[in-house]
Amino acid sequence: MTRLGALLAALIPMLVGTPGMAHEIRPAYLDMRETAPDEFAVVWKVPAQGDRRLGLYASLPKRCIEKAEPAKSIVDGAYLERRTVACAGGLKGGEITIDGLRSTMTEALVRIEYENGDTEVVRLMPDAPSFTVAGAQTSIEVAQTYFLLGIDHILSGLDHLLFVLALMLLIRDRWMLVKTITAFTVAHSITLAGASLGYFSLPQKPGEATIALSIAFVASELIKMKPGEKRLSESYPWVVALAFGLLHGFGFAGALMEIGLPQSDVPLSLLTFNLGVEAGQLIFVAAALVVLRAAGTLSMIRPAPARQFGAYIIGTAAMLWLVSRIAGLGA
């Protein structure tokens, strides 16, 4: 087996071991909206599987008093708590902590929308699970948070990355690679923007199943490659990227809508999240090219069994995700 084959073999457990976890590790999400002076409607959203939720708890400033018992539910793989709190003197200067975050590999996003329209968005990590409320943020600070979220989303979204990798294995020259990645970018940017702004939509679960199917399709095209023959997908991979990129954009939009768009800065937040996705995608493409070059030049490994082996690994992962996601349609 070639070095590339050995590398792909080492990736088998990661690719097929957790078919239900193809997307990024979802962040916890705390949304606070000021509905009256110093009074906030609070939504606390934590990833869940079945009846089991992640052990994360939002700790608000001590001056925040609940006005009623929280309403609790589990919806679409997430545990939700809804409550109303009164915070004497407001939130500014108070500390918000996500208890339990230090012992996880996920993160938490806190979004506060004030009655005057100001928005504060803070990303909390396991090594920094708390922050002091500033009372407002500049548009640049909000944009920076969404840019980093975009990078994280694409780099931890294994299904999206496998689709890009499969396209790279299908492409014969770098100029075609540039056109293909550009087509994928344009396509998913269109649906990301349109779906996030409410112009059109695709149900989340069928969309995720179709994304898995898109990966399986490209893997099957790789398997069918023969020396001296050029399939349509090899000659025009940018068409494949354009068509399926529209579907992947719905996946990105679903993640962004789950996190929440600050209504006062929708264009800026949407733009910077998408730029973050593109930056993360370029990081992955560059890293993949380095790895492929280290294993052997693309022209050298194209006809080798290692390329077919890689196609089978990618296709197997995609089919496991597809079966898992179809099974989840009725859940």
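The values are calculated or read from the model by the stated rules, or taken from the named source; none is laboratory data. Nothing here was measured: the structure is a model prediction, and the numbers come from that model. For neighbour counting, all protein chains shown are included, and Cβ atoms are generated from backbone atoms with ideal geometry for every residue, glycine included. Accessible surface areas use protein heavy atoms only, side chains included; no ligands, DNA or RNA. Shrake-Rupley method; radii C 1.70, N 1.55, O 1.52, S 1.80 Å.
Points to keep in mind about this one:
- Span from the the stretch 166-205 Cα centroid across to the the stretch 80-141 one, whole angstrom: 32 Å
- For the stretch 110-150: accessible area per residue (Å², 1.4 Å): 42 Å²
- Computed about the Cα centre, the dipole magnitude for the stretch 63-198 is approximately 300 debye when only Lys and Arg (+1) and Asp and Glu (-1) carry charge, each at its Cβ.
- The stretch 103-241: C-alpha gyration tensor shape, a/c 1.5 cut-off, then a/b vs b/c: prolate
- Simple Cβ-charge dipole of the stretch 42-88, Lys/Arg +1 and Asp/Glu -1, about Cα centre, in debye nearest 20: 180 debye
- Heavy-atom SASA rank of 179, 62, 224, 72 (probe 1.4 Å, accessible area, largest first): 62, 72, 224, 179
- Heavy-atom accessible surface of residue 63, to the nearest 10 Å², is about 90 Å², with a 1.4 Å probe and all protein chains retained.
- Peptide packing: for 246-252, 29-35, the average count of neighbouring Cβ atoms within 10 Å per residue gives the ranking 246-252, 29-35, highest mean first.
- Three-way shape label, the stretch 200-251, alpha-carbon gyration tensor, a/c 1.5: oblate
- For the stretch 50-167, the gyration tensor built on C-alpha atoms gives an oblate shape. Its axis ratio a/c (a ≥ b ≥ c) is at least 1.5, and a/b is not larger than b/c.
- Converting phi to 3J(HN,Hα) with the Karplus coefficients 6.51, -1.76 and 1.60 and the offset θ = phi - 60°, the stretch 141-158 yields 5, 5, 4, 4, 4, 6, 4, 5, 5, x, 4, 4, 4, 6, 6, 9, x, 4 Hz in sequence order, with x at every glycine or proline.
- What you get for the stretch 100-169, charging only the Cβ of Lys and Arg (+1) and of Asp and Glu (-1), is a dipole of about 220 debye around the Cα centre.
- Net charge of Cβ neighbours under 9 Å - reference residue 137; Lys, Arg +1; Asp, Glu -1: -3
- Fraction of accessible area attributable to carbon and sulfur, the stretch 52-96 (%, probe 1.4 Å): 50 percent
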